[in-house]
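The next block holds one structure in the form of structure tokens; read it before the comments.
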Amino acid sequence: MNEQIQQKTIDLARGLFLVRYNGAEDKTSPPVVRVYPDRASLNNCNIITGPDGANGTLFAPETALVVSVARPSRLIVEVTAGRAGGSTAANIKIEPLTQGQPAMQPASQPFDSYEPEAGPEEPSDLKLLAHVAGLGDVTVGSNTWIAGPAAPARIEGISLEWPNKPYDLNLQYAVKFARPQRGDNQFVPLGTFAGTRGRALAITGFSLEATGPGADRYAIAAETIFLGAPALRVTGNRIVVSGPSGREPLVGLKLSLEEHRVQAAPLAPRQPRRAEPAPAPVAMPRQEAPRLEGRVRVFRSRQGAVKTAG
């Protein structure tokens with residue numbers, strides 16, 4: 001590939017994303033950034049710009065465009081130097097746009113019912129930010145690759161955000177490098193950037209753990225690719241990953257956090273009421289026997305109250 005052009009491929013899930021050109025190393029002649037879907041994603045990915053803007057092109061820092069994804073797609077980010085021999089180092093951030101979810105009222109259930117079994121539920125707003133060599137900061141949602149199989153690239157730092165984190169759960173994470181650095185392998189809380197930017201220091205190890213009373217309700221799943229090694233998937237409350245020798249750069253990362261919903265135990269079936277023996281008839285003088293005008297029926301309402309009808 002021409003040294004004046006760099007390309008990276010980003011996997012995007014269904015949704016709306018903001019592509020922001022934050023800054024460039026070359027302040028005088030900043031590189032031009034162009035984003036477009038790969039050939040297989042043309043019908044599923046739409047680039048949205050202003051009415052007078054060039055489709056998919058950002059000419060300078062402090063600009064942005066929107067990408068609408070109908071189905072999971074691959075987006076190509078192409079950075080072209082602004083002048084001959086110029087730099088292609090640019091800081092580009094991709095972040096999901098959301099309108100939130102409406103509050104749902106729990107539906108009432110009949111007395112003789114139970115909650116059906118449900119599979120794991122994946123928190124929808126867990127966000128992973130990674131600083132990728134040659135691309136800058138990239139933000140994706142849960143279960144989405146940063147770099148990875150389609151476009152491996154050195155990951156130099158990460159940060160996790162989880163706006164609706166349960167109060168009884170804590171997440172912390174740490175990174176390590178081939179050579180000891182400040183903050184190496186030290187756990188940091190959510191929202192803290194762990195790693196480096198612009199120093200060409202790739203992460204060679206990654207740890208993530210869930211703590212707190214609610215930790216047992218969740219399982220962390222991490223898929224990682226280290227340079228020259230096959231993809232690795234690890235799950236659990238605490239994960240620690242690295243390459244075969246511990247010195248291979250991390251070139252792909254995908255995270256998810258699944259909540260295990262506990263199935264409600266079904267209610268015991270209602271036992272049929274045992275029939276009571278009919279009382280023995282009492283002989284009455286003929287003249288005192290009452291005359292019955294009709295039959296009396298007894299039935300049970302849904303609320304369990306006994307009603308009578310003539």
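The values are calculated or read from the model by the stated rules, or taken from the named source; none is laboratory data. Bear in mind the structure is a predicted one, so any value in this text is a computation, not a measurement. Heads up, the Cβs are rebuilt from the backbone with ideal geometry, glycines too, and the neighbour counts pull from every protein chain shown. Protein only, heavy atoms only, side chains kept; ligands, DNA and RNA dropped before computing areas. Shrake-Rupley method; radii C 1.70, N 1.55, O 1.52, S 1.80 Å.
Some observations on this one:
- Annotation: amide H-H contacts under 5 Å for GLY53 (H modelled 1.01 Å from N, sequence separation of 5 or more, or interchain): none.
- Solvent-accessible area, 1.4 Å probe, carbon plus sulfur percent, for segment 148-194: 46
- Summed side-chain charge close to LEU208 - residues other than LEU208 whose Cβ falls under 15 Å, Lys, Arg +1, Asp, Glu -1: +2
- Given their separation in residues at 0.36 nm each and the Cα-Cα distance between them, ALA70 and ILE5 gain 20.6 nm when the chain is fully extended.
- Solvent-accessible surface of segment 155-197, taken per residue with a 1.4 Å probe and all protein chains present: 54 Å².
- Computed extension gain for ALA231 through ARG14, at 0.36 nm per residue and net of the alpha carbon distance, reaches 75.8 nm.
- Summing Cβ point charges (Lys, Arg +1; Asp, Glu -1) relative to the Cα centre of segment 1-72 gives a dipole of roughly 300 debye.
- Note on segment 166-208: Cα Rg divided by 2.2 N^0.38 Å, N the number of residues, gives 1.26.
- A 1.4 Å probe run over the protein chains yields, for segment 1-89, 56 Å² of accessible area per residue, whole-number rounding.
- Residues LYS176, LYS254, LYS27, sorted by accessible area with the largest first, give LYS27, LYS176, LYS254 [1.4 Å probe; ligands and nucleic acids excluded].
- Carbon + sulfur, % of accessible area of segment 27-107 - ligands and nucleic acids excluded, 1.4 Å: 51
- Modelled FRET efficiency - R0 25 Å, ASP38 with ASP125, Cβ distances, 0.05 increments: 0.40
- Electrostatic bookkeeping for THR57 treats Lys and Arg as +1 and Asp and Glu as -1; over the other residues with beta carbon under 11 Å from its beta carbon, the sum is 0.
- With DNA, RNA and ligands ignored, accessible area of ILE220 (1.4 Å probe; Å², nearest 10): 0
- Using a Förster distance of 22 Å, the FRET efficiency for ARG217-ALA178 (Cβ separation, nearest 0.05): 0.05
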